[in-house]
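Readers should treat all values here as calculations from the given coordinates under stated rules, not as data from a laboratory. Owing to the predicted nature of the structure, the values given are computational and were not obtained by experimental measurement. All Cβ positions, even for glycine, are placed from backbone atoms using ideal geometry, and neighbour counts span all protein chains on display.
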Amino acid sequence: MSVRIFTDSASDITLQEMEEKQIGLIAMPLLCGEKTYIDDKTIPMTTFWEMLLDGVNIKTSLPSPECFVKIFEEAKNKKEEVVCILISSGFSGTYQGAMLAKSMVDYEGIYIIDSKCAAAAEKQIAFYACKLREKGMSGKEIAEELETGESTPRRWIKGILKELSVLLWGLDTDD
């Protein structure tokens with residue numbers, strides 16, 4: 001059974017990285033003033049930055065549960081497994097939308113991962129999932145490793161932050 005890996009726009013993954021790693025994108029709509037873009041991949045970054053500098057109100061929105069249902073139904077019909085690595089449920093409702101869609105599709109081959117992070121850290125978790133897929137792991141095994149494994153990027157990040165806090169605590173601030 002093949003394994004498809006998805007991440008959302010919050011991972012900051014590039015189109016080139018998506019192609020190289022065979023990662024699907026869950027688009028998060030980008031609301032820029034009066035215009036809505038599918039995500040930051042469909043608007044030239046120069047335009048995005050110009051709008052930002054011009055004071056345009058920019059927000060992201062959630063992907064709809066129907067977006068997830070479409071992906072999950074396709075995987076179910078093809079008998080593929082799906083691993084979705086998503087922005088932290090503490091930052092966005094994307095994870096909850098995916099869980100709702102999973103319950104609507106009723107297929108055992110869907111694994112939703114709350115990355116508990118965003119941006120580059122989320123992307124590194126998706127890249128790690130790709131490495132596990134290349135090793136021949138199933139979607140279930142990949143999800144279990146991402147959730148509990150000792151070598152996951154999420155644990156690395158926690159370790160780095162812990163070490164930094166120890167270093168900062170030990171700094172002499174009287175200088």
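For the range 1-146, compute the number of Lys pairs whose alpha carbons are separated by less than 12 Å, excluding pairs fewer than 8 positions apart on the same chain.
Taking the range 1-146 as the scope, the lysine pair count is 5.
Gap in Å between the Cα centre of the range 43-59 and the Cα centre of the range 62-95?
For the range 62-95 versus the range 43-59, the Cα centre distance is 28 Å.
What ranking, highest mean first, results for peptides 87-96, 70-79, 109-118 when packing means the other Cβ atoms within 10 Å averaged over each residue?
So the peptides 87-96, 70-79, 109-118, ranked by packing, come out 109-118, 87-96, 70-79.
Find how many whole Å separate the alpha carbon centroid of the range 99-127 from the alpha carbon centroid of the range 22-40.
Cα centroid of the range 22-40 versus Cα centroid of the range 99-127: 18 Å apart.
For the range 1-153, give the share of DSSP beta bridges that are antiparallel, in percent and rounded to the nearest 5; count only bridges with both residues there.
30
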